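Chemist: A single structure is presented below for examination.
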Amino acid sequence: MKIMTRYAPVAAALVCCCLPLAACGTKHAGVQAAATPGPGTSATDETSDDRQVPDTTSDDQQENLPDTTSDDQLDPGPPMGDTTDDDGGVPTAGPHRWFPMLREFRAYLTTNAPKADAAIATHVTSAYLRTLADSARSMSVVRVDYGVGEQEDADRTAKVFARWRHSVYGDHGHVDVLGPAKTNAEQDW
């Protein structure tokens, strides 16, 4: 009797520790204990979040999509439209060539433009200009990152670009300012 009372606490501790492990369906020595559903539960837990379901809410799922939220996007290139190339591409030589003007326009905005117009420089993502051989008017396309609700800023960009071209280069033309979400403006000079 003395031996049984001496090991009773050890036996009780083993039962308390091992019983929950055996009841939850863990493997012991190559044997799988089957968990049986209790009252009010189903055999499969369809509401569990530990199933292997792909994360479709994360923004890093589609790695091949362009980053349109970043300020360091690459220049989208000259605008498409009427071209003279046989392959339908944008001409790199000849009378229909688009000339990049982003660096010059930003330099004007940050050094010679009125202070109120200098803030436009950070919103201009590209600027291209061309003069057709049979015309004395220039055509320009300026892309900006102004979105919905910033139409006044796009209009201001068109006016500043036209003023810059007329005052610095003395030419005449038309500028289209293109932004996301149909934020567009145009101006003749």
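The values are calculated or read from the model by the stated rules, or taken from the named source; none is laboratory data. The model shown is predicted, which means the values in this text are computed figures rather than measured ones. Glycine gets a Cβ as well: all are built from the backbone with ideal geometry, and neighbour counts include every protein chain shown. For accessibility, only protein heavy atoms count, side chains too; no ligands or nucleic acids. Shrake-Rupley method; radii C 1.70, N 1.55, O 1.52, S 1.80 Å.
Chemist: Got a number for the accessible area of residue 183? Probe 1.4 Å, square angstrom, nearest 10.
Modeler: My reading of the accessible area for residue 183 is about 10 Å².
Chemist: Under 5 Å between amide H atoms, partner at least 5 residues away or on a different chain: which partners does residue 101 have, H built in plane at 1.01 Å?
Modeler: Counting only residues 5 or more places away or on other chains, the set is 127, 128, 129.
Chemist: For the stretch 105-181, what does the alpha-carbon gyration tensor say about shape, rounded, prolate or oblate, given a ≥ b ≥ c as the root eigenvalues, a/c under 1.5 as rounded, and a/b over b/c as prolate?
Modeler: oblate
Chemist: Separate question: May I ask for the net charge around residue 108, where only other residues with Cβ less than 14 Å from the Cβ of residue 108 are counted and Lys, Arg are +1 while Asp, Glu are -1?
Modeler: +4
Chemist: Arrange the residues 159, 182 by how much accessible surface each exposes, largest first, with a 1.4 angstrom probe.
Modeler: These residues rank, largest area first, as 182, 159.
Chemist: Still on this structure: Per residue of the stretch 173-189, in order, report the coupling 6.51 cos²θ - 1.76 cosθ + 1.60 (Karplus, θ = phi - 60°) as ³J(HN,Hα) in whole Hz, putting x for Gly and Pro.
Modeler: x, 9, 10, 10, 9, 10, x, x, 6, 6, 8, 10, 8, 8, 7, 9, 9
Chemist: If I ignore ligands, DNA and RNA and count only protein heavy atoms, how much of residue 156 is accessible to a 1.4 Å probe, in Å² to the nearest 10?
Modeler: About 100 Å², ignoring ligands and nucleic acids.
Chemist: Below 10 angstrom from the Cβ of residue 179, what's the summed charge of the other residues (Lys, Arg +1; Asp, Glu -1)?
Modeler: Once all neighbours under 10 Å are counted, the net charge is -1.
Chemist: Next question, about the same structure. With r as the distance between the Cβ atoms of residue 186 and residue 132 and R0 = 25 Å, compute the FRET efficiency 1/(1 + (r/R0)^6) and round to 0.05.
Modeler: Between residue 132 and residue 186 the formula returns 0.90.
Chemist: What figure in square angstrom, to the nearest 10, would you give for the accessible area of residue 98 with a 1.4 Å probe?
Modeler: 20
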